[in-house]
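K.L.:
Below are the C-alpha cells for one structure; questions will follow.
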Amino acid sequence: RCTFCIIPGMRGDLVSRPIGDVLGEAQRLFEAGVKELLIVSQDTSAYGVDVKYRTGFWDGKPVKARLFDLCEQLGRLAEGFGAWVRLHYVYPYPHVDEIIPLMASGRVLPYLDVPFQHAHPDMLKRMKRPASGERNLERLARWREICPQIVVRSTFIAGFPGETEAEFDTLLDFVREARIDRAGCFAYSPVDGAAANALDGQLPVELREERRARFMAVAEEVSTRKLEERIGATMQVLVDHAPALGRKGGVGRSYADAPEIDGQVRLLPPEKASRTLKVGEFTRARIVGTQGHDLVGLPL
C-alpha cells in the first residue's frame, strides 16, 4: 500500500515525539517510495504542547515542535518527492487557522479530519470538548475563504447522556450549514472508566440508534450534493488498484479521500490505448459522475 501512519500515541497522556524524529521517519518513508503520509495521533493539533514547543533540530537547523512547523517541514519534504501529507484528528483550536494557508498553497493536502463530536454548546460542555457550534461555523467559513478547496471530515456522537431532541436538532442543522464533506456518527455507548457513565439522562439504546440513523441520512444527503459539485472537475488521483496491464481502469483516491474511511475514485479505462494505470502513481482524471459515495473519473 502507498500510505503510512506516524502515530505518536492514541491513548493516555499526550506525548509529543521529537520533531527531528518525526521528520527523519517521514524522509525515510518518502525515500522508500511512500506516496501518501497520514499524520495520526490522539490530538494532532496539540502537538508540542506537552513539551512547551521545545526546539529540536532537523537538517542542521532549529525547528520548533509545533503543529505549523511540523506541517511546513513535512510539506517541503513531500513536495520534493511528489507525495501527499494528510492530517487526521485535528481539533478546531484557533492556532489550527495557521496551517490553512499551507493547504491553499498545496504544501499539505487541503483535508482536515476534525472530530467535532457535537454542535450544541451545552452538549460540548458535557462532553468536555472545546469550542461551540457557532464558533466552529465561523472557523469553517474562514478556512473556506482562505482555501476554497478544503475538505472536512468529522465524527459525531448521537444520544450522549442528557441530549434533548432540541440539542440533537441543533446538531443536524450544524451538519447542513457546515456542509461537512464526510461525516460518521456513533450512537453513544458506555465505556469502562469513562466519566460519562455517571452522567444523568442516559438515553434508551433504541433512541440512540434512531438518532444515529437520522444523523447519517442528513450527512449522506449533504455529502452527495458536494460530490455532485465535482462533476466536470479535473483532479489528481493516487491509483490504489489497477487490473492487469492497467488498461481496464482502476480505483484510486483524490485529495478528498482518506484511505479506508472515505470514498474512492473509480477510474474508467483510459481513452488512449497506450495509456496505463500503475498502482502507487498519480494520474489526472476528469470527473464524469458519481456512484454512491464514490466519484467516477476518466484518466487524461
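The values are calculated or read from the model by the stated rules, or taken from the named source; none is laboratory data. Note that the coordinates shown come from a computational prediction; the quantities given were computed from them, not determined experimentally. Cβ coordinates were reconstructed from backbone atoms using ideal geometry, including for glycine residues, and neighbour counts include every protein chain displayed. Surface accessibility is based on the protein's heavy atoms, side chains included, excluding ligands, DNA and RNA. Shrake-Rupley method; radii C 1.70, N 1.55, O 1.52, S 1.80 Å.
K.L.:
Give me Rg/Rg_expected for the range 144-288, where Rg uses Cα atoms only and Rg_expected = 2.2 N^0.38 Å with N residues.
P.N.:
1.37
K.L.:
How much space per residue, in cubic angstrom, does the convex hull of the C-alpha atoms of the range 32-183 take up?
P.N.:
Convex hull of Cα atoms, per residue: 119 Å³.
K.L.:
With θ set to phi - 60° and the Karplus curve 6.51 cos²θ - 1.76 cosθ + 1.60, what are the ³J(HN,Hα) couplings of the range 59-66 in order, to the nearest whole Hz, using x for Gly and Pro?
P.N.:
For the range 59-66, the Karplus-derived couplings read 6, x, 10, x, 9, 7, 7, 9 Hz, x marking Gly and Pro.
K.L.:
Can you work out the base-10 log of I(q)/I(0) for the range 103-156 at q = 0.20, 0.23, 0.30 1/Å, using the Debye formula on its C-alpha atoms alone?
P.N.:
-0.73, -0.88, -1.16
K.L.:
OK, next. Provide the per residue accessible area, probe 1.4 Å, for the range 14-169, rounded to a whole number of square angstrom.
P.N.:
42 Å²
K.L.:
Now, a different point. Select from Gly82, Ile287, Phe160 the residue farthest towards the positive end of the dipole of the chain; place +1 on Cβ of Lys and Arg, -1 on Cβ of Asp and Glu, and compute about the Cα centre.
P.N.:
Final value for the positive-end residue is Gly82.
K.L.:
Hey, any idea what % of the chain's accessible area is carbon plus sulfur with a 1.4 Å probe?
P.N.:
Carbon-and-sulfur percentage of accessible area, whole number: 52.
K.L.:
Skip the ligands, DNA and RNA, and give the accessible area per residue of the range 194-244 with a 1.4 Å probe, whole Å².
P.N.:
56 Å²
K.L.:
Three principal axis extents, largest first, for the C-alpha atoms of the range 8-93, in Å?
P.N.:
33, 27, 20
K.L.:
So which helices of the chain fit the span-like rule, where a helix is a whole DSSP H run, its Cα atoms reach 15 Å or more along the axis, and its mean Kyte-Doolittle is at least -0.5?
P.N.:
19-31, 67-81, 165-178
K.L.:
While we're here: Exactly which trypsin sites (Lys or Arg not before Pro) in the range 14-113 are in a DSSP loop and have at most 16 other Cβ atoms within 10 Å?
P.N.:
Counting only loop positions with at most 16 other Cβ atoms within 10 Å, the trypsin sites (Lys or Arg not before Pro) in the range 14-113 are Lys52, Arg54.
K.L.:
List the residues, sorted by chain then number, that are 5 or more residues from Val63 or on another chain and whose placed amide H is less than 5 Å from its amide H.
P.N.:
Amide H neighbours of Val63, under 5 Å, 5+ apart: Gly56, Phe57, Trp58.
K.L.:
How large is the translational diffusion coefficient of the chain in µm² per second when you combine the Kirkwood radius over alpha carbon pairs with Stokes-Einstein at 25 °C and 0.890 mPa s?
P.N.:
Taking Rh from Cα pairs, D becomes 119 µm²/s.
K.L.:
At q = 0.35 Å⁻¹, what base-10 log of I(q)/I(0) does the Debye formula yield for the range 259-300 when every alpha carbon is treated as an equal point scatterer in vacuo?
P.N.:
Result of the Debye calculation: -1.23.
K.L.:
In addition: With a cut-off of 8 Å between alpha carbons and a minimum separation of six or more residues, what is the relative contact order of the chain in percent?
P.N.:
Taking the mean separation of contacting Cα pairs over the length of the chain, I get 12 percent.
K.L.:
With an 8 Å cut-off on Cα pairs and a minimum separation of 6 or more residues, tell me the relative contact order of the range 113-188 in percent.
P.N.:
40 percent.
K.L.:
Can you list the residues, at least 5 places off or on another chain, whose amide H is less than 5 Å from the amide H of Leu267, using H built in the peptide plane?
P.N.:
Long-range HN contacts for Leu267: Gly250, Val251, Gly252, Gly297.
K.L.:
Taking the Cα centre of the range 184-300 as the origin and placing charges on Cβ (Lys, Arg +1; Asp, Glu -1), which of Ala233, Ala198, Ala213 is farthest toward the positive end of the dipole?
P.N.:
Ala233
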